[in-house]
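*Asks:* Quick one: this structure, given as structure tokens, is what I'll be asking you about.
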Amino acid sequence: METSKALEPSPDNAVVWHEDRLYLLDQRYLPERASFLSLDTAAATAQAITDMVVRGAPAIGITAAYGVVLAARDAYRSRGADWRAAIELPLDLLAASRPTAVNLFWAIERMKHSMKGLGEQDPVPALLKEALAIHAEDRAANRTIGELGAALIEGPTDVITHCNAGALATGGYGTALGVIRSAHSAGCIGRVYADETRPWMQGSRLTAWELLHSGIPVTVQTDSAAAGLMATGRIGWVIVGSDRIAANGDVANKIGTYALAVLARYHGIGFMVAAPTSTIDMCLESGADIPIEERDAGEVLACGGSRIGPEGVAARNPVFDVTPASLVSLIVTERGVVETPTAVKMRALMG
Ligand code: MRU
């Protein structure tokens, strides 16, 4: 692959392994600037996840998998056959980068599992193969999720989405936006209303950019405009992604998702969650057990670099919330669709 092609900034090219380095499309500066940040250590990769250079549950998992490759490379360079002694610390850094998206821990565990079969030789080729497989499997899963979800949408209808669950948040194609892309190709989507998603503005900065790129009609609205829009009767579905789904079908996603689910139920609108099975955490009984990340108050008290709250005021900044399974109409995964999720149905899905 030529450098120019490999590092072409586009929504479907957000996480790239190229010539022994990891490149992340820097999502902090989209849509004004589309540029890659190049990384060659696990510590720098962990910092990039914490700093939101890359975000979205599956994309964080894929990035962490490549981070494990970088950790292994450094460990083998410094300790040779004894590389295992040097790999734990960087892996801990990756695991501490963000707490809510379970894909991060899932990917690190999968990489650790493939380390088990390795001897004293250079671990990089085998681990890189595994990271590339995680990446490719996520892309494939999103295509399947897109088809399964789109088949359930009668249209054309307008939909609301929240945050960014698109190609940028995954290995490519997207989960919620994957469903929307497939449904749009099938002629079932009129317009997408993208909640701007305070405070990081993933909706207005990233989802709008992605949908425009795909030629899908999109309108950005403030988060609080969703209720009034639903009341017009124009909205057929709310379609969102997830960062972690508990064993009973409770769904953690971007802050504000729970409010949308309550509104959707009140207005008789379907609430679809699109996520790969790597987002399902069967170890947690319910959403009450999901760790919710709380970020710096400054993110709420500033916007576009300008302060929007008085000096000295406190601010809450929980960045995810939990939607109870009872408000979820469908969970669409690559293994199939769960209607009105319960613990029994989730167990059946996950085998
Ligand atoms: O804080 P973020 O931007 O990482 O939050 C991302 C979300 O909440 C997404 O909706 C979720 O990860 C699904 S991504 C396919």
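*Asks:* Please tell me the relative contact order of the chain in percent, rounded to the nearest whole number, where contacts are Cα pairs under 8 Å and at least six residues apart. Let's see the in-between values first.
*Replies:* On the way: 743 pairs, mean separation 52.8, N = 351.
15 percent.
*Asks:* Here's another thing I want to ask about it. Taking only DSSP H segments of four or more residues, each worth -39500 (n - 2.57), what value at 222 nm results for the chain once the sum is divided by all its residues, to the nearest 500 deg cm²/dmol? Please list the in-between numbers first.
*Replies:* On the way: 12 runs with 131 residues, N = 351.
Only helices count here, giving -11500 deg cm²/dmol.
*Asks:* Moving to a separate point now. What does DSSP give for the chain in terms of the percent of beta bridges that are antiparallel, rounded to the nearest 5? Mind showing how you got there, number by number?
*Replies:* On the way: 21 of 41 bridges.
In the chain, DSSP labels about 50 percent of beta bridges as antiparallel.
*Asks:* Quick check: Cα centre of the stretch 287-351 to Cα centre of the stretch 193-250, how many Å?
*Replies:* Value for the Cα centre distance between the two parts: 13 Å.
*Asks:* Give the percent of DSSP beta bridges with both residues in the stretch 149-308 that are antiparallel, rounded to the nearest 5.
*Replies:* The antiparallel proportion sits near 20 percent.
*Asks:* Treating only the Cβ of Lys, Arg, Asp and Glu as charged (+1, +1, -1, -1), what charge dipole size does the chain show about its Cα centre? Round to the nearest 20 debye.
*Replies:* Values: 30 positive and 39 negative charges, 75 e Å.
Here the size comes out at about 360 debye.
*Asks:* Take peptides 71-77, 176-182 and line them up by average Cβ neighbours within 10 Å, highest first, as a rough protection proxy. The partial results should precede the final answer.
*Replies:* Details: 71-77: 21.3, 176-182: 30.1.
The densest-packed peptide leads the list: 176-182, 71-77.
*Asks:* Next question. Rounded if a/c is under 1.5, else prolate if a/b beats b/c, else oblate: with a ≥ b ≥ c from the C-alpha gyration tensor eigenvalues square-rooted, which is the stretch 177-264?
*Replies:* Details: a/c = 1.35, a/b = 1.28, b/c = 1.06.
In terms of gyration-tensor shape, rounded.
*Asks:* Now, a different point. Principal axes first, then extents: for the Cα atoms of the chain, list largest minus smallest coordinate on each axis, whole Å, largest first.
*Replies:* Extents along the principal axes: 65, 51, 42 Å.
*Asks:* Turning to a different aspect of this structure: Quick one: Cα centre-to-centre distance for the stretch 96-124 and the stretch 127-155, in angstrom?
*Replies:* 20
*Asks:* What's the magnitude of the charge dipole for the stretch 122-161 around its Cα centre, counting Lys and Arg as +1 and Asp and Glu as -1 at the beta-carbon? Answer in Debye, nearest 20. Spell out each step's value before the answer.
*Replies:* Details: 3 positive and 7 negative charges, 21 e Å.
Result for the stretch 122-161 is approximately 100 debye, rounded to the nearest 20.
*Asks:* Continuing with the same structure: Any idea what the relative contact order of the stretch 149-350 is, in percent, if you count C-alpha pairs under 8 Å spaced at least 6 apart?
*Replies:* Computed over the stretch 149-350, the figure is 20 percent.
*Asks:* Within the P(r) computed for the stretch 228-334, what percentage of the Cα pairs occupies the region above 21 Å? Don't skip to the end; give the middle numbers.
*Replies:* Details: 2537 of 5671 pairs.
The answer is 45 percent, as a whole percent.
*Asks:* What residues qualify as long-range amide H neighbours of ILE280, i.e. H under 5 Å apart, gap of 5 or more or another chain, H built at 1.01 Å from N?
*Replies:* Those qualifying (amide H under 5 Å, at least 5 residues apart or on another chain) are ILE245.
*Asks:* Determine Rg/Rh for the stretch 13-138; Rg is computed over alpha-carbon atoms and Rh is the Kirkwood hydrodynamic estimate from the same atoms. Could you put the intermediate results ahead of the total?
*Replies:* Values: Rg = 13.7 Å, Rh = 14.3 Å.
Answer for the stretch 13-138: 0.96.
Read-outs: derived from the displayed coordinates by stated rules, not from any lab. Keep in mind it's a predicted model, so treat the numbers as computed, not measured. Here Cβ is always computed from backbone atoms with ideal geometry, including for glycine, and neighbour counts include all displayed protein chains.
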